[in-house]
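Q: My structure is below; once you've seen it, I'll send some questions.
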Amino acid sequence: MKKTSVLTEDWAAVVIGFFIIIVTVWGLKLAAPAFKWADAQSLVSGVLTSDNFLKLLIQFVFVYLIAIAGAVLMGKPVGGIAKSLPVVYILTIIASIAGGYEGIKTLNLETVIFCLFLGLLIRNLVKLPDWFYQSLSSEFL
C-alpha cells in the first residue's frame, strides 16, 4: 500500500527550510569542515584530522535528520533514503576532498565536477538497486 503525501516536495522544502532558518536564528551554528589542501602534509594535518571528521559527522547527522523529516512530510518511504544518503554523503566528501586540492583549483575545477564524475562512473559501471534511485529522485534532496 502506497503512502499518501502529507505535503508536496515544494511545500516540504518550504517547511524544512523554515525550520533551518528558525534553528539558525536561535543560534545553531554548524562548523564547516575543511577541504582545502596543497600537499600530502596539509591533507593529513588539515583535512584528515579527527576534528574535521567530527565536523563532518555532526553535519551528516543534521542533514540525515532533515532528509528523514522531509521523507516523512512527503509520505515517502524512509528506508531508501536512510540507506542511500550515507553512501551519497561519503561520495560527496570524497569529491569535496578532491576538489579541495589547490592544484585542481588552479584549473578552475570545482567539487561539483568531481561529484558529476563519480555519479557518471557509478551510474555506468555499477548496478544499483531500484530503491537507491527512487530514494534520490527527488527535488527535495
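The values are calculated or read from the model by the stated rules, or taken from the named source; none is laboratory data. What you see is a predicted model; the values in this text were computed from it and never measured. Don't worry about glycine lacking a Cβ; one is built from the backbone with ideal geometry, like all the others, and counts go over all protein chains shown. SASA here: full protein model, heavy atoms, side chains in, ligands and nucleic acids out. Shrake-Rupley method; radii C 1.70, N 1.55, O 1.52, S 1.80 Å.
Q: Restricting to segment 26-47, name every residue that is exposed (fewer than 14 other Cβ atoms within 10 Å of the Cβ) and outside any helix (DSSP H, G or I). Break it down into steps so the answer makes sense when it comes.
A: Looking only at segment 26-47, we keep the residues that are exposed (fewer than 14 other Cβ atoms within 10 Å of the Cβ), and these are 26-32, 38-41, 44-45.
Result: Trp26, Gly27, Leu28, Lys29, Leu30, Ala31, Ala32, Ala38, Asp39.
Q: Using the structure shown, decide if Asn108 is on the phi > 0 side of the Ramachandran plot and either free of Cβ contacts under 8 Å to residues at least 12 places away in the same chain or β-branched (Val, Ile, Thr) (or both).
A: On the way: on the phi > 0 side of the Ramachandran plot: yes; either free of Cβ contacts under 8 Å to residues at least 12 places away in the same chain or β-branched (Val, Ile, Thr) (or both): yes.
It is true that Asn108 is on the phi > 0 side of the Ramachandran plot and either free of Cβ contacts under 8 Å to residues at least 12 places away in the same chain or β-branched (Val, Ile, Thr) (or both).
Q: Take Val23 and decide whether it is closer than 22 Å to Thr111 by Cβ and either modelled with pLDDT of 90 or more or basic (Lys, Arg) (or both).
A: On the way: closer than 22 Å to Thr111 by Cβ: no; either modelled with pLDDT of 90 or more or basic (Lys, Arg) (or both): yes.
For Val23, the condition - closer than 22 Å to Thr111 by Cβ and either modelled with pLDDT of 90 or more or basic (Lys, Arg) (or both) - is not met.
Q: Further question: For a quick check of your reading of the model, give me the residue pairs whose first member lies in segment 85-99 and is farther than 16 Å from Phe62 by Cβ, whose second is outside any helix (DSSP H, G or I) and modelled with pLDDT under 90, with beta-carbon atoms closer than 6 Å and at least 6 apart or on different chains.
A: Gly99/Glu110
Q: Out of all the residues in segment 91-133, which are β-branched (Val, Ile, Thr), open to solvent by 90 Å² or more (accessible area, probe 1.4 Å) and not in a helix (DSSP H, G or I)?
A: Thr106
Q: On the basis of being closer than 26 Å to Ala13 by Cβ, within 16 Å of the chain's Cα centre (by Cα) and not aromatic (Phe, Trp, Tyr), does Val72 make the cut? Can you show your working first?
A: Working: closer than 26 Å to Ala13 by Cβ: yes; within 16 Å of the chain's Cα centre (by Cα): no; not aromatic (Phe, Trp, Tyr): yes.
No; evaluated as a whole, the condition is false for this residue.
Q: If you go through segment 48-66, how many residues are open to solvent by 80 Å² or more (accessible area, probe 1.4 Å) and closer than 29 Å to Gly103 by Cα? Let's see the steps before the verdict.
A: Let us first name the residues in segment 48-66 that are open to solvent by 80 Å² or more (accessible area, probe 1.4 Å), namely 50-51, 53-54, 57-58, 65.
Subsequent filtering for residues that are closer than 29 Å to Gly103 by Cα retains 50-51, 53-54, 57-58.
Adding up the residues that qualify gives 6.
Q: Something else about it: So Pro86 clears everything in (1) at pLDDT below 95; (2) open to solvent by less than 80 Å² (accessible area, probe 1.4 Å); (3) touching a helix residue (DSSP H, G or I) at 6+ places or on another chain (Cβ under 7 Å) except one condition, right? Which one?
A: Every listed condition holds for Pro86 apart from (3).
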